[in-house]
1. For segment 357-398, max minus min Cα coordinate along each principal axis, in Å, sorted largest first?
2. Can you bin every Cα-Cα distance in the chain into 10 Å intervals starting at zero and give me the percent of pairs per bin, rounded to whole numbers?
3. Taking just the alpha carbons, could you work out the radius of gyration and Dmax for segment 188-282, both in angstroms?
4. If you average the sequence gap of Cα pairs under 8 Å that are 6 or more apart and divide by the length of segment 62-110, what percent do you get for the contact order?
5. Assuming R0 = 30 Å, can you tell me the calculated FRET efficiency for the pair Asn68 and Lys358, based on Cβ-Cβ distance, to the nearest 0.05?
6. For q values of 0.10, 0.12, 0.21 Å⁻¹, compute log₁₀ I(q)/I(0) with the Debye formula on a Cα-only model of segment 270-397, without solvent.
7. At a threshold of 8 angstrom on Cα-Cα distance, excluding pairs fewer than six apart, so keeping six or more, what relative contact order does the chain reach in percent?
8. How far, in degrees from 0 to 90, does helix 264-273 lean away from the longest principal axis of the Cα atoms of the chain, to the nearest 10?
Amino acid sequence: MRITGKIIVTVLMCVLLVGAWSMALAAKDQKASKAKAAPAKAAPAAKAAFDASKMGNMKGWDPANWVNPEGDTIRVAIVWPHSGPGALNGQMAWLCATFVAYDINARGGILVDGKKKKIALFKADSQSKPDAAKKICERMVLQEKVNVLIGTSGSNVMKIANEVANKYKVIALNIGALSDDLQDATNFSRYAFMTSDSTEAVGRGVAYYYGQIRKKEKKFYILCQDYSFGRELAAGFKKGLKEYYPEAEIVGEDYHKLFQTDFAPYLTKIKASGAEVVYTGDWSPDAANVLKQSRQMGITLPFANLFMDEPNMLAEVGVEGTKGLMNIKHFEQAGPQFTNAGMKKYYTVWRNEWKKFKTAPFNSATFEYPWGTYGFWTQQMYWLYSVIERAGSTDAEKIIPVFEGDSYQFVSGRVSRMRACDHKAIQGFRVCEFVEPDKQKVSMNMPPYYWVKGSSLCGPSWDIPAEKVIPWMDEKLDRCKGKSGAE
């Protein structure tokens, strides 16, 4: 019995030890499993963000009757074609610039250089000509004493603005020109910042959409404006197709002069090419002319585009003629647009004041919605003023270190980050398919649940993640050597 008792005790001890050991192993495995299952750290929040709840009283905002504040101000030149065939683009820029400045001035200004300063705006008419742009930019700096040059439609003109900024050591903010070479080893300036989208990123992103998301059309025709922007935009698309859609085919490729009036020769070739999609970066008036003439010639192909979203032009073409356009934008996110109080306020404030406009052209439907290009341009300007406020100075040397590596969240929720080495913004974008008014509610999720009645406009949409469209970085630029594109 004694021996049996000892055996029983020994067995019980072994069972307990094995049980304890098993529990320890189980706990260790559970801990390891939790570690594996733990989500990756969230991306760091933006260093600053637009807060619609802090907007000033916007009653009285009217771009046609802008009056600069008196006294010591932050002086800003809006470098755009304010006359000539590209004047619509200048009107769009002035609309955005006055909205942002009116808001900030209504808040009392920005605390810089030891005191609150309001924003004064000056039209710098480039006339879409480099020679005229150089003269007006130098006049702005030397006579008007501006602190910032903001521009522009036309990368050739933005290059001039950047050169003037570099010469006189003031900040140049590029919110509307996309050519990658503006920030390459040859043209880079510490004083120039490119918060706009960039040609290669857009091209690769559109290819990503067609090859990885839509997976339908395979035959593409490229039609772009014949200068650096158009050429680089096309090159980015071709590069993107090799990367994301190798089975796709370029069935034709053409480049036309700026402000082309007759697109028939190009459209005839497109019609005969067997293309399923036309890829273009054309901006007004070229964007309007090529779309209208294509529909007049019976060509119903979709255009994958950046700037075919001007309301008056879309209304002229009509619902059927604008259905199926694929529009790319860097302000919106995919899905319903009004998902937070800030978006609703931004939209409502803008439209309430627009309804009061009495002066042409601003009282037309072209300027009604703070979305698309307007949303992107205004939010880039807010980003700059946020940087100036955080730098606490209008001195470019104090602004630069704050801007480098900065990040900013738009009212839409989209975050843009400034790459420090070459001053290019890293950001994703949205592709949207234009649909009939009764189908627009998937995007326009507030009454009346459509954007416009007279044309197709944004409906289903898709996000292109920023990591899929990291902008090109020139490794020949000393500041960028040894760095990854995401740095």
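1. The Cα atoms of segment 357-398 stretch 41, 21, 12 Å along their principal axes.
2. The percentages, shortest bin first, are 4, 19, 29, 24, 11, 4, 3, 3, 2, 1, 1, 0.
3. Cα only, segment 188-282: 14.4, 48 Å (Rg, Dmax).
4. About 32 percent, as a whole number.
5. My answer for the efficiency is 0.90.
6. -0.45, -0.62, -1.27
7. 16
8. 30
We did not get these values from a lab; they are worked out from the coordinates using the rules stated. Fair warning: this is a prediction, and the values are worked out from it, not measured in the lab. Here Cβ is always computed from backbone atoms with ideal geometry, including for glycine, and neighbour counts include all displayed protein chains.
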